[in-house]
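This report refers to the structure that appears directly beneath it.
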Amino acid sequence: MQQTVRKRRVFYIPGYDPIPPRRYRELFRKEGAAQAQISGYQLQMGQGTAGQGFGWRARAQIAGQSCDSDFQVLVWSDIVRDSMANSVLATYGQLLATAWAYIGTGALWRLMRLRKGPVIAALYPVVALLGQLALALFLGAVGLALVAGVLGWFRANDSRFYAYYLMHDYAFSARHYGAVPPALARRMAAFTQTVAEALTSDADEVLVVGHSSGAHLAVTVLADLLRHHCVAPGRLGFLSLGQVVPMVSFLPRAGRLRADLAYLAAHEGLTWVDVSAPGDGCSFALCDPVAVSGVAPAGQRWPLVISAAFTQTLSPARWQALRWRFFRLHFQYLCAFDRPKDYDYFQITTGPVSLARRFAGRPPSASRITRALSKYRDMQP
(Lines give C-alpha, C1' and ligand atoms only; values in the text may rest on other atoms or scores of the structure.)
Protein backbone atom coordinates (compact mmCIF):
# COMPACT_ATOMS: atom_id res chain seq x y z
CA MET A 1 0.00 0.00 0.00
CA GLN A 2 1.34 3.44 -0.96
CA GLN A 3 2.92 5.46 1.85
CA THR A 4 0.81 8.42 2.98
CA VAL A 5 2.33 9.12 6.43
CA ARG A 6 5.90 9.86 7.40
CA LYS A 7 5.10 11.76 10.60
CA ARG A 8 2.12 11.15 12.84
CA ARG A 9 0.78 12.52 16.11
CA VAL A 10 -1.22 10.02 18.16
CA PHE A 11 -3.41 10.98 21.11
CA TYR A 12 -4.66 8.18 23.32
CA ILE A 13 -7.66 8.78 25.60
CA PRO A 14 -7.96 6.00 28.20
CA GLY A 15 -11.17 4.72 29.67
CA TYR A 16 -12.18 5.12 33.30
CA ASP A 17 -8.80 4.14 34.73
CA PRO A 18 -7.14 5.41 37.94
CA ILE A 19 -3.76 3.93 37.03
CA PRO A 20 -0.98 6.36 35.95
CA PRO A 21 -0.49 6.53 32.16
CA ARG A 22 2.89 4.80 32.22
CA ARG A 23 1.01 1.49 32.04
CA TYR A 24 0.04 2.30 28.45
CA ARG A 25 3.65 2.93 27.45
CA GLU A 26 4.73 -0.40 28.90
CA LEU A 27 1.79 -2.19 27.28
CA PHE A 28 2.74 -0.67 23.93
CA ARG A 29 6.39 -1.66 24.41
CA LYS A 30 5.60 -5.29 25.22
CA GLU A 31 2.75 -5.93 22.80
CA GLY A 32 4.23 -3.88 19.97
CA ALA A 33 7.41 -5.95 20.03
CA ALA A 34 5.32 -9.13 19.98
CA GLN A 35 3.18 -7.97 17.04
CA ALA A 36 6.19 -6.80 15.05
CA GLN A 37 7.81 -10.21 15.45
CA ILE A 38 4.61 -12.03 14.46
CA SER A 39 3.90 -9.82 11.44
CA GLY A 40 7.47 -9.35 10.24
CA TYR A 41 8.16 -5.64 10.60
CA GLN A 42 10.38 -3.50 12.81
CA LEU A 43 9.20 -1.25 15.62
CA GLN A 44 11.43 0.81 17.91
CA MET A 45 10.40 3.01 20.84
CA GLY A 46 11.99 6.15 22.25
CA GLN A 47 11.37 8.95 24.71
CA GLY A 48 8.43 11.28 24.20
CA THR A 49 8.75 14.87 23.05
CA ALA A 50 9.50 17.30 25.87
CA GLY A 51 6.63 19.58 26.82
CA GLN A 52 3.94 17.37 25.31
CA GLY A 53 2.84 15.60 28.48
CA PHE A 54 3.24 11.88 29.06
CA GLY A 55 4.10 9.95 25.94
CA TRP A 56 6.65 8.16 23.79
CA ARG A 57 7.91 7.96 20.23
CA ALA A 58 7.87 5.00 17.89
CA ARG A 59 9.49 4.35 14.53
CA ALA A 60 8.12 1.61 12.31
CA GLN A 61 9.71 0.10 9.22
CA ILE A 62 7.12 -1.82 7.26
CA ALA A 63 7.56 -3.17 3.72
CA GLY A 64 10.55 -0.89 3.17
CA GLN A 65 8.73 2.24 4.34
CA SER A 66 9.51 4.08 7.58
CA CYS A 67 7.28 6.30 9.72
CA ASP A 68 7.76 8.25 12.96
CA SER A 69 4.86 8.53 15.40
CA ASP A 70 4.69 10.70 18.49
CA PHE A 71 2.29 9.37 21.16
CA GLN A 72 0.67 11.36 23.95
CA VAL A 73 -1.72 10.08 26.60
CA LEU A 74 -4.47 12.59 27.34
CA VAL A 75 -4.64 12.10 31.09
CA TRP A 76 -7.79 12.20 33.20
CA SER A 77 -6.80 9.52 35.73
CA ASP A 78 -6.68 12.16 38.47
CA ILE A 79 -10.38 12.89 37.91
CA VAL A 80 -11.06 9.16 38.04
CA ARG A 81 -9.18 8.79 41.32
CA ASP A 82 -11.07 11.70 42.86
CA SER A 83 -14.37 10.11 41.87
CA MET A 84 -13.33 6.85 43.55
CA ALA A 85 -12.39 8.46 46.88
CA ASN A 86 -15.61 7.42 48.59
CA SER A 87 -16.24 5.64 51.87
CA VAL A 88 -17.83 2.20 51.93
CA LEU A 89 -21.14 3.75 52.98
CA ALA A 90 -20.98 6.34 50.18
CA THR A 91 -20.35 3.60 47.63
CA TYR A 92 -23.57 1.86 48.67
CA GLY A 93 -25.30 5.19 48.24
CA GLN A 94 -23.84 5.33 44.72
CA LEU A 95 -25.21 1.87 44.08
CA LEU A 96 -28.77 3.01 44.81
CA ALA A 97 -28.43 6.22 42.80
CA THR A 98 -26.86 4.47 39.80
CA ALA A 99 -29.47 1.69 39.79
CA TRP A 100 -32.21 4.31 39.82
CA ALA A 101 -30.56 6.30 37.01
CA TYR A 102 -30.62 3.30 34.68
CA ILE A 103 -33.78 1.55 35.86
CA GLY A 104 -35.91 4.61 36.56
CA THR A 105 -35.20 6.15 33.16
CA GLY A 106 -35.82 2.89 31.29
CA ALA A 107 -32.28 2.92 29.90
CA LEU A 108 -31.36 -0.46 31.36
CA TRP A 109 -34.02 -2.41 29.48
CA ARG A 110 -33.13 -0.76 26.18
CA LEU A 111 -29.43 -1.45 26.72
CA MET A 112 -30.24 -5.11 27.36
CA ARG A 113 -31.99 -5.28 23.97
CA LEU A 114 -28.79 -3.97 22.43
CA ARG A 115 -26.12 -6.17 24.04
CA LYS A 116 -26.49 -8.26 27.19
CA GLY A 117 -22.73 -8.58 27.88
CA PRO A 118 -21.99 -5.01 28.99
CA VAL A 119 -25.28 -4.83 30.88
CA ILE A 120 -24.32 -7.96 32.82
CA ALA A 121 -20.96 -6.30 33.48
CA ALA A 122 -22.86 -3.26 34.79
CA LEU A 123 -25.05 -5.41 37.03
CA TYR A 124 -22.10 -7.35 38.42
CA PRO A 125 -20.95 -4.69 40.92
CA VAL A 126 -24.53 -4.32 42.18
CA VAL A 127 -24.84 -8.04 42.83
CA ALA A 128 -21.31 -8.30 44.23
CA LEU A 129 -21.68 -5.36 46.62
CA LEU A 130 -25.07 -6.57 47.86
CA GLY A 131 -23.57 -10.02 48.36
CA GLN A 132 -20.71 -8.54 50.36
CA LEU A 133 -23.19 -6.60 52.48
CA ALA A 134 -25.31 -9.71 53.09
CA LEU A 135 -22.24 -11.66 54.21
CA ALA A 136 -21.14 -8.82 56.48
CA LEU A 137 -24.60 -8.61 58.08
CA PHE A 138 -24.71 -12.39 58.54
CA LEU A 139 -21.36 -12.37 60.31
CA GLY A 140 -22.45 -9.29 62.20
CA ALA A 141 -25.03 -11.41 63.97
CA VAL A 142 -22.05 -12.93 65.78
CA GLY A 143 -20.38 -9.61 66.46
CA LEU A 144 -21.49 -6.20 65.24
CA ALA A 145 -17.91 -5.05 64.78
CA LEU A 146 -17.49 -7.68 62.10
CA VAL A 147 -19.81 -5.82 59.73
CA ALA A 148 -17.42 -2.91 59.24
CA GLY A 149 -14.44 -5.25 59.26
CA VAL A 150 -15.81 -7.50 56.51
CA LEU A 151 -16.89 -4.59 54.31
CA GLY A 152 -13.52 -2.92 54.84
CA TRP A 153 -11.73 -6.13 53.86
CA PHE A 154 -13.67 -6.37 50.60
CA ARG A 155 -12.91 -2.72 49.84
CA ALA A 156 -9.19 -3.21 50.55
CA ASN A 157 -9.09 -6.28 48.30
CA ASP A 158 -11.14 -4.92 45.43
CA SER A 159 -8.29 -5.70 43.01
CA ARG A 160 -9.57 -9.28 43.26
CA PHE A 161 -13.26 -8.49 42.82
CA TYR A 162 -13.49 -5.17 40.87
CA ALA A 163 -16.85 -4.49 42.50
CA TYR A 164 -15.99 -1.03 43.86
CA TYR A 165 -14.06 -0.08 40.73
CA LEU A 166 -16.94 -0.94 38.40
CA MET A 167 -19.47 0.68 40.69
CA HIS A 168 -17.52 3.93 40.61
CA ASP A 169 -17.19 3.63 36.83
CA TYR A 170 -20.91 3.40 36.13
CA ALA A 171 -21.76 5.89 38.87
CA PHE A 172 -19.47 8.47 37.25
CA SER A 173 -21.74 8.77 34.21
CA ALA A 174 -25.02 8.05 36.00
CA ARG A 175 -24.50 10.73 38.62
CA HIS A 176 -25.30 13.46 36.09
CA TYR A 177 -27.66 11.29 34.00
CA GLY A 178 -25.30 11.50 31.03
CA ALA A 179 -24.31 15.16 31.32
CA VAL A 180 -20.57 15.88 31.39
CA PRO A 181 -19.28 16.58 34.92
CA PRO A 182 -17.76 20.09 35.17
CA ALA A 183 -14.21 18.93 35.97
CA LEU A 184 -14.24 16.55 33.03
CA ALA A 185 -15.70 19.20 30.72
CA ARG A 186 -12.77 21.49 31.50
CA ARG A 187 -10.26 18.69 30.89
CA MET A 188 -11.90 17.76 27.60
CA ALA A 189 -11.68 21.39 26.47
CA ALA A 190 -7.94 21.22 27.15
CA PHE A 191 -7.75 17.98 25.13
CA THR A 192 -9.45 19.73 22.22
CA GLN A 193 -6.89 22.51 22.30
CA THR A 194 -4.01 20.02 22.41
CA VAL A 195 -5.26 18.13 19.36
CA ALA A 196 -5.94 21.40 17.52
CA GLU A 197 -2.34 22.49 18.11
CA ALA A 198 -1.09 19.20 16.67
CA LEU A 199 -2.99 19.94 13.47
CA THR A 200 -0.78 23.01 13.00
CA SER A 201 2.36 20.85 13.10
CA ASP A 202 4.06 19.11 10.18
CA ALA A 203 2.41 15.77 11.01
CA ASP A 204 0.87 14.05 7.99
CA GLU A 205 -1.79 12.49 10.19
CA VAL A 206 -3.26 13.32 13.59
CA LEU A 207 -4.88 10.22 15.07
CA VAL A 208 -7.08 10.18 18.17
CA VAL A 209 -7.61 6.81 19.84
CA GLY A 210 -10.41 6.45 22.38
CA HIS A 211 -10.66 3.20 24.32
CA SER A 212 -13.72 2.11 26.32
CA SER A 213 -15.13 5.20 28.10
CA GLY A 214 -12.42 7.21 26.38
CA ALA A 215 -14.32 6.74 23.11
CA HIS A 216 -17.23 8.98 24.10
CA LEU A 217 -14.81 11.57 25.49
CA ALA A 218 -13.07 11.55 22.11
CA VAL A 219 -16.39 12.08 20.32
CA THR A 220 -16.96 15.37 22.13
CA VAL A 221 -13.31 16.44 21.87
CA LEU A 222 -13.32 15.95 18.10
CA ALA A 223 -16.77 17.46 17.56
CA ASP A 224 -15.69 20.61 19.40
CA LEU A 225 -12.49 20.73 17.38
CA LEU A 226 -14.21 20.36 14.01
CA ARG A 227 -16.80 23.00 14.86
CA HIS A 228 -14.03 25.58 15.14
CA HIS A 229 -11.26 24.36 12.80
CA CYS A 230 -11.12 23.41 9.14
CA VAL A 231 -9.31 20.11 8.61
CA ALA A 232 -8.27 18.67 5.26
CA PRO A 233 -9.97 15.32 4.58
CA GLY A 234 -7.75 12.35 5.39
CA ARG A 235 -5.53 14.17 7.88
CA LEU A 236 -7.58 13.62 11.05
CA GLY A 237 -8.35 10.07 12.16
CA PHE A 238 -10.47 8.72 15.00
CA LEU A 239 -10.11 5.12 16.15
CA SER A 240 -12.65 4.06 18.78
CA LEU A 241 -11.92 0.74 20.49
CA GLY A 242 -14.22 -1.36 22.67
CA GLN A 243 -16.63 1.57 23.02
CA VAL A 244 -19.37 1.78 25.65
CA VAL A 245 -21.03 4.91 24.25
CA PRO A 246 -24.64 3.70 24.79
CA MET A 247 -24.08 3.50 28.57
CA VAL A 248 -23.99 7.31 28.43
CA SER A 249 -25.89 8.27 25.28
CA PHE A 250 -29.02 6.37 26.42
CA LEU A 251 -29.32 8.56 29.54
CA PRO A 252 -31.72 11.55 29.54
CA ARG A 253 -29.20 14.38 30.00
CA ALA A 254 -26.69 13.16 27.40
CA GLY A 255 -27.96 15.64 24.81
CA ARG A 256 -24.49 17.07 24.26
CA LEU A 257 -23.02 13.65 23.50
CA ARG A 258 -25.88 12.80 21.16
CA ALA A 259 -25.37 16.10 19.30
CA ASP A 260 -21.66 15.37 19.00
CA LEU A 261 -22.32 11.86 17.69
CA ALA A 262 -24.64 13.19 14.99
CA TYR A 263 -22.18 15.93 14.06
CA LEU A 264 -19.20 13.60 13.66
CA ALA A 265 -21.24 11.02 11.78
CA ALA A 266 -21.76 13.39 8.84
CA HIS A 267 -18.45 15.26 8.85
CA GLU A 268 -16.05 15.10 5.91
CA GLY A 269 -13.08 16.33 7.94
CA LEU A 270 -12.24 13.05 9.63
CA THR A 271 -12.13 9.29 9.21
CA TRP A 272 -13.79 7.38 12.06
CA VAL A 273 -13.23 3.64 12.40
CA ASP A 274 -14.91 1.81 15.28
CA VAL A 275 -13.42 -1.53 16.28
CA SER A 276 -14.94 -4.01 18.73
CA ALA A 277 -15.46 -7.75 19.02
CA PRO A 278 -18.33 -9.95 20.24
CA GLY A 279 -15.79 -11.74 22.42
CA ASP A 280 -15.37 -8.55 24.46
CA GLY A 281 -18.25 -8.71 26.93
CA CYS A 282 -17.42 -5.28 28.33
CA SER A 283 -18.13 -3.35 25.12
CA PHE A 284 -21.17 -2.76 22.94
CA ALA A 285 -19.67 -4.90 20.23
CA LEU A 286 -20.49 -4.00 16.62
CA CYS A 287 -23.10 -1.46 17.74
CA ASP A 288 -23.02 1.67 15.62
CA PRO A 289 -22.93 4.23 18.47
CA VAL A 290 -24.60 6.91 16.34
CA ALA A 291 -27.41 4.79 14.96
CA VAL A 292 -28.32 2.93 18.16
CA SER A 293 -28.49 6.28 19.98
CA GLY A 294 -31.20 7.33 17.54
CA VAL A 295 -29.31 10.31 16.11
CA ALA A 296 -28.05 9.01 12.75
CA PRO A 297 -28.21 11.94 10.30
CA ALA A 298 -29.25 11.72 6.67
CA GLY A 299 -26.20 10.77 4.66
CA GLN A 300 -24.38 9.25 7.64
CA ARG A 301 -20.70 8.66 6.83
CA TRP A 302 -19.26 7.40 10.11
CA PRO A 303 -18.27 5.33 11.90
CA LEU A 304 -17.04 2.42 9.87
CA VAL A 305 -17.91 -0.40 12.26
CA ILE A 306 -15.64 -3.43 11.98
CA SER A 307 -14.90 -6.47 14.10
CA ALA A 308 -11.56 -7.45 15.59
CA ALA A 309 -12.97 -11.01 15.42
CA PHE A 310 -11.10 -12.47 18.38
CA THR A 311 -12.05 -16.06 17.53
CA GLN A 312 -10.35 -15.65 14.14
CA THR A 313 -7.46 -13.31 14.93
CA LEU A 314 -6.37 -15.22 18.03
CA SER A 315 -5.23 -18.81 17.71
CA PRO A 316 -7.43 -21.44 19.42
CA ALA A 317 -4.86 -21.84 22.20
CA ARG A 318 -4.60 -18.08 22.75
CA TRP A 319 -8.36 -17.60 22.67
CA GLN A 320 -8.83 -20.42 25.16
CA ALA A 321 -6.32 -18.79 27.51
CA LEU A 322 -8.06 -15.40 27.33
CA ARG A 323 -11.76 -16.05 26.80
CA TRP A 324 -12.71 -15.92 30.52
CA ARG A 325 -10.36 -13.05 31.37
CA PHE A 326 -12.94 -10.38 30.66
CA PHE A 327 -10.91 -7.31 31.61
CA ARG A 328 -7.88 -8.53 29.69
CA LEU A 329 -10.02 -9.10 26.60
CA HIS A 330 -11.32 -5.54 26.90
CA PHE A 331 -7.71 -4.40 26.35
CA GLN A 332 -6.97 -6.86 23.54
CA TYR A 333 -7.43 -4.08 20.96
CA LEU A 334 -4.17 -2.58 22.28
CA CYS A 335 -2.34 -5.91 22.18
CA ALA A 336 -0.78 -8.33 19.73
CA PHE A 337 -2.81 -10.82 17.69
CA ASP A 338 -1.13 -14.05 16.72
CA ARG A 339 -3.37 -14.43 13.64
CA PRO A 340 -3.89 -10.79 12.62
CA LYS A 341 -6.17 -9.70 9.80
CA ASP A 342 -6.73 -6.08 8.74
CA TYR A 343 -6.84 -4.76 12.31
CA ASP A 344 -3.35 -4.26 13.71
CA TYR A 345 -3.18 -1.51 16.35
CA PHE A 346 0.55 -1.02 15.86
CA GLN A 347 0.45 -0.70 12.08
CA ILE A 348 -2.48 1.71 12.37
CA THR A 349 -0.73 3.93 14.92
CA THR A 350 2.87 3.68 13.67
CA GLY A 351 2.71 2.49 10.06
CA PRO A 352 3.21 4.49 6.85
CA VAL A 353 -0.47 4.39 5.81
CA SER A 354 -3.15 6.72 7.14
CA LEU A 355 -6.36 5.48 8.71
CA ALA A 356 -8.31 6.91 5.78
CA ARG A 357 -6.21 5.11 3.17
CA ARG A 358 -5.94 1.86 5.14
CA PHE A 359 -9.70 1.38 5.40
CA ALA A 360 -10.79 3.07 2.16
CA GLY A 361 -13.43 0.89 0.53
CA ARG A 362 -13.60 -1.46 3.51
CA PRO A 363 -17.22 -2.58 4.02
CA PRO A 364 -18.64 -2.46 7.54
CA SER A 365 -19.19 -5.65 9.49
CA ALA A 366 -22.23 -7.52 8.26
CA SER A 367 -23.15 -8.13 11.89
CA ARG A 368 -23.20 -4.50 12.94
CA ILE A 369 -26.23 -3.32 14.91
CA THR A 370 -27.95 -0.13 13.77
CA ARG A 371 -31.37 -0.32 15.48
CA ALA A 372 -32.28 2.97 17.15
CA LEU A 373 -33.09 1.91 20.72
CA SER A 374 -32.45 4.96 22.87
CA LYS A 375 -35.54 6.50 24.45
CA TYR A 376 -33.86 9.90 24.67
CA ARG A 377 -32.84 11.50 21.37
CA ASP A 378 -32.76 15.22 22.03
CA MET A 379 -29.53 16.94 21.02
CA GLN A 380 -28.10 19.93 22.85
CA PRO A 381 -24.75 21.15 21.44
remark   = In degrees, nearest 10, the alpha-carbon axis of helix 163-174 is tilted away from the dominant principal axis of the alpha carbons of the chain by 70 degrees
inquiry  = Keeping all protein chains in the complex and leaving out DNA, RNA and ligands, what accessible area do you get for Cys230 with a 1.4 Å probe, in Å² to the nearest 10?
reply    = 140 Å²
key: Reach of Lys116 by Cα under 13 Å, taken over aspartates and glutamates that are not fewer than 8 positions away in the same chain   = Asp280
task = Would you calculate, for the chain, the mean residue ellipticity at 222 nm contributed by helices, counting each DSSP H stretch of 4 or more residues as -39,500 (n - 2.57) and dividing by all residues, to the nearest 500?
result = -14000 deg cm²/dmol
inquiry  = Calculate the FRET efficiency for Ala141 and Gln47 from the Cβ-Cβ distance with a Förster distance of 45 Å, rounded to the nearest 0.05.
reply    = 0.15
Residue (of Pro233, Ile19, Gly281) at the positive-pole extreme of the chain, dipole from beta-carbon charges = Gly281
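Where does the charge balance sit around Ala136 when Lys and Arg score +1, Asp and Glu -1, over other residues with C-beta under 15 Å from its C-beta? Show your work: numbers first, answer last.
Working: positive: Arg155; negative: Asp158.
Net of charged neighbours comes to 0.
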query = Relative to the Cα centre, what is the charge dipole magnitude of the chain, using +1 at the beta carbon of each Lys and Arg, -1 at the beta carbon of each Asp and Glu, and rounding to the nearest 20 debye?
reply = 500 debye
Most positive-pole-ward Cα, Phe191, Phe172, Ser201, against dipole of region 171-236 from beta carbon charges = Phe172
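Leaving out ligands and nucleic acids, note down the accessible area per residue over the chain with a 1.4 angstrom probe, in whole Å².
Computed with neighbouring chains in place, this is 43 Å² per residue.
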ask   = Hey, got the dipole for region 4-60? About the Cα centre, +1 on K and R Cβ, -1 on D and E Cβ, debye to the nearest 20?
value = 280 debye
inquiry  = Cross-link candidates for Lys375: which lysines have Cα within less than 16 Å, leaving aside residues fewer than 8 places away along the same chain?
reply    = none
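Considering only protein heavy atoms and a 1.4 Å probe, what is the carbon-and-sulfur percentage of the accessible area of the chain?
The value for the chain is 57 percent carbon and sulfur by accessible area.
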inquiry  = If I fit a long axis through the Cα atoms of helix 182-198 and take the longest principal axis of the Cα atoms of the chain, what angle between them do I get, 0 to 90°, rounded to 10?
reply    = 10 degrees
request  = Report the net charge of residues surrounding Gly294, where surrounding means a beta-carbon distance below 9 angstrom and charges are Lys +1, Arg +1, Asp -1, Glu -1.
outcome  = +3
query = Among (1) 4, 14, 16, 15, 18, 19, 9, 3, 0; (2) 5, 20, 27, 24, 17, 7, 1, 0; (3) 5, 24, 33, 25, 10, 3, 1, 0, which is the computed P(r) over Cα pairs in 10 Å bins from 0, in percent?
reply = (3)
ask   = What lysines could a cross-link reach from Lys30, if we take a straight Cα to Cα line under 24 Å and drop same-chain neighbours fewer than 8 places away?
value = Lys7, Lys341
key: Inter-label distance, nm, simple model (7 Å from Cα along the C-beta direction), Ala232/Arg371   = 4.4 nm
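Over the chain, what is the percentage of antiparallel beta bridges among all DSSP beta bridges, to the nearest 5? Display every interim value, and only then the final one.
Working: 14 of 42 bridges.
Bridges in the chain are about 35 percent antiparallel.
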request  = Putting +1 on Lys and Arg Cβ atoms and -1 on Asp and Glu Cβ atoms, find which of Leu355, Tyr333, Ala366 reaches farthest to the positive end of the dipole of region 328-381.
outcome  = Ala366
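The values are calculated or read from the model by the stated rules, or taken from the named source; none is laboratory data. The structure presented is a predicted model; accordingly, all values stated were derived computationally and were not measured. All Cβ positions, even for glycine, are placed from backbone atoms using ideal geometry, and neighbour counts span all protein chains on display. Keep in mind that these areas ignore ligands, DNA and RNA; they rest on the heavy atoms of the full protein, side chains included. Shrake-Rupley method; radii C 1.70, N 1.55, O 1.52, S 1.80 Å.
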